[in-house]
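S.K.: Take this structure, written in structure tokens, and hold onto it; I'll ask about it next.
The values are calculated or read from the model by the stated rules, or taken from the named source; none is laboratory data. Everything numeric in this text was worked out from a predicted model, so none of it was measured. When we count neighbours, we look across all protein chains shown, and the Cβ atoms used for this are built from the backbone with ideal geometry, even at glycine.
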């Protein structure tokens, strides 16, 4: 029921200890019985996969003293105390001291089993969340931000790393939800400007009457209610990065002023005459065809060609379906850690539905579906019942996705223990390791530290 978890049971009365140990073991628990609190101490660790059940009245160190030691070690480790009949005051004191629950003598075995089950469920959930957080933290570098092993993502990461530490302004193109701001932040975070500000401006979400002051700032008295000087976004991003999202929405009149900033690296505040130098890198994002807009005279061609030097094209999710399983798994881990819930297993039919969906909202939509999946809600516009095969993937590619999913689920279930996974999947040791290597699976992401460990 709780594979890999145990109950540290402390009771000085040998007959009671033996009887209740047997009761707990018959209920499916692994029990480490101790005659004294001192004997239990070596088993108590901050990452103990288990709980503590202790009698209050013990020789030398009492159950309450043991509770205090456990609280110092790990405040979230559940401790159940067994109290004498009528000792309500002590039970109340124990709960205030941080005990998970108490069992009053005499009690039925079912009562102890019920309380222990609930405590273990709480501990298992906590350890699951910790494991999720650990797996998330183990991701490092740009691979932890721009996820995916498709050729499109491999190329994008290479291009980004090549551009990040240059002074070149960058144009980021992509559909809604493809992660344009994420890429802009990567350009900033992996550049020499990373210690300075990253300033984001949505050109499409701002009134034209406010945009000029927002971008360029203003002097006191420049207009009604301009009572004091205000630094604009461009100046605020000095020595850092200015991200202009939906630049296609920027009014033509402001495009002229932006072009001047890009060419001369200077600006003038509204109502001011002083020329202010700015050292800023501009990353512009667009979801429309800027060339077509420029040909239609809806976007200045000179600004288009000024920006169209270093261009990053973000692929739509439907163009890199092979990345969907890894992305979804990552978002599930994030959501589970955020909501303090276990990461549910994805069934093969659900994976096929993910692979078949067109994802008009791209990665953003996939993240939302993952959040709903963790919360136990319907997937929204995408239906799990949609089991049509993704047209851009071959049968072999679809089988690889399902196979990878089943291996990862088995690794999660058995805490990364290869022998257990081999037994569960009915495959050979070499086969498992060949497939782990093929799919880029890290066994360490699923392993749980234990004494001794399992031979591989």
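S.K.: Among the numbered criteria (1) more than 25 Å from residue 125 (Cβ to Cβ); (2) surrounded by fewer than 18 Cβ atoms within 10 Å (Cβ to Cβ); (3) modelled with pLDDT of 90 or more, which single criterion is violated by residue 68?
M.R.: Failing condition for residue 68: (1).
S.K.: Which numbered condition in (1) within 32 Å of the chain's Cα centre (by Cα); (2) part of a helix (DSSP H, G or I); (3) under 22 Å from residue 289 (Cβ atoms) is the only one that residue 234 fails?
M.R.: (3)
S.K.: Within the range 353-374, take every residue that is more than 22 Å from residue 174 (Cβ to Cβ) and modelled with pLDDT of 90 or more and give me the one that is nearest to the chain's Cα centre (by Cα).
M.R.: 374
S.K.: Can you find even one residue in the range 186-207 that is touching a residue at least 12 places away in the same chain (Cβ under 8 Å), over 27 Å from residue 164 (Cβ atoms) and surrounded by fewer than 17 Cβ atoms within 10 Å (Cβ to Cβ)?
M.R.: Looking for residues that are touching a residue at least 12 places away in the same chain (Cβ under 8 Å), over 27 Å from residue 164 (Cβ atoms) and surrounded by fewer than 17 Cβ atoms within 10 Å (Cβ to Cβ), one finds none in the range 186-207, hence no.
Here's the yes/no breakdown for (1) within 28 Å of residue 417 (Cβ to Cβ); (2) without any contact (Cβ under 8 Å) to a residue 12 or more places away in the chain; (3) not in a loop (DSSP other than H, G, I, E, B):
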| position | (1), (2), (3) |
| --- | --- |
| 8 | yes, no, yes |
| 15 | no, yes, yes |
| 22 | yes, yes, yes |
| 41 | yes, no, yes |
| 46 | yes, no, no |
| 54 | no, no, yes |
| 57 | no, no, no |
| 81 | no, no, yes |
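S.K.: Answer yes or no as to whether residue 219 is in the same structural domain as residue 154 (by TED's automatic domain parsing), without any contact (Cβ under 8 Å) to a residue 60 or more places away in the chain and more than 14 Å from residue 171 (Cα to Cα).
M.R.: Yes.
S.K.: What residue, of 33, 39, is over 13 Å from residue 94 (Cβ atoms) and in contact with a strand residue (DSSP E or B) (Cβ under 7 Å, 6 or more places away or on another chain)? Can you show your working first?
M.R.: Details: 39 fails: in contact with a strand residue (DSSP E or B) (Cβ under 7 Å, 6 or more places away or on another chain).
Only one candidate qualifies: 33.
S.K.: Also, quick follow-up: With respect to residue 27, is the statement that it is in the same structural domain as residue 121 (by TED's automatic domain parsing) and crowded, with 22+ Cβ neighbours inside 10 Å true?
M.R.: no
S.K.: Residue check, residue 103 against (1) in contact with a strand residue (DSSP E or B) (Cβ under 9 Å, 6 or more places away or on another chain); (2) at pLDDT below 90; (3) assigned to a loop (DSSP other than H, G, I, E, B), all met but one. Which one?
M.R.: The one condition residue 103 does not meet is (3).
S.K.: Within the range 213-236, take every residue that is in contact with a strand residue (DSSP E or B) (Cβ under 6 Å, 6 or more places away or on another chain) and over 20 Å from residue 306 (Cα atoms) and give me the one that is surrounded by the fewest Cβ atoms within 10 Å (Cβ to Cβ).
M.R.: 226
S.K.: Here's a follow-up. Which one of these is more than 30 Å from residue 172 (Cα to Cα), outside the structural domain of residue 156 (by TED's automatic domain parsing) and modelled with pLDDT of 85 or more: 350, 409, 383, 398? Show your work before the answer.
M.R.: Details: 409 fails: modelled with pLDDT of 85 or more; 383 fails: modelled with pLDDT of 85 or more; 398 fails: modelled with pLDDT of 85 or more.
Matching residue, one of 350, 409, 383, 398: 350.
S.K.: Pick out the one residue from 243, 299 that is in contact (Cβ under 8 Å) with a residue 24 or more places away in the chain, in contact with a strand residue (DSSP E or B) (Cβ under 8 Å, 6 or more places away or on another chain) and either under 28 Å from residue 192 (Cα atoms) or part of a loop (DSSP other than H, G, I, E, B) (or both).
M.R.: 243
S.K.: Related question: Just checking, which of 329, 289 is more than 21 Å from the chain's Cα centre (by Cα) and modelled with pLDDT under 90?
M.R.: Result: 289 is the single residue among 329, 289 that is more than 21 Å from the chain's Cα centre (by Cα) and modelled with pLDDT under 90.
S.K.: Of all residues in the range 305-353, count the ones that are without any contact (Cβ under 8 Å) to a residue 40 or more places away in the chain and either part of a loop (DSSP other than H, G, I, E, B) or closer than 17 Å to residue 409 by Cα (or both).
M.R.: Going through the range 305-353 one residue at a time, the tally reaches 4.
S.K.: Which residue pairs have Cβ atoms under 6 Å apart, sit 6 or more places apart or on different chains, and have a first residue in the range 263-278 that is on the phi > 0 side of the Ramachandran plot and assigned by TED's automatic domain parsing to the domain that holds residue 306 and a second that is surrounded by 11 or more Cβ atoms within 10 Å (Cβ to Cβ) and in a loop (DSSP other than H, G, I, E, B)?
M.R.: That search, which allows pairs on different chains as well, returns 265/278; 271/219; 271/222.
S.K.: Looking at the structure I just gave you, is residue 263 under 21 Å from residue 246 (Cα atoms) and in a loop (DSSP other than H, G, I, E, B)?
M.R.: no
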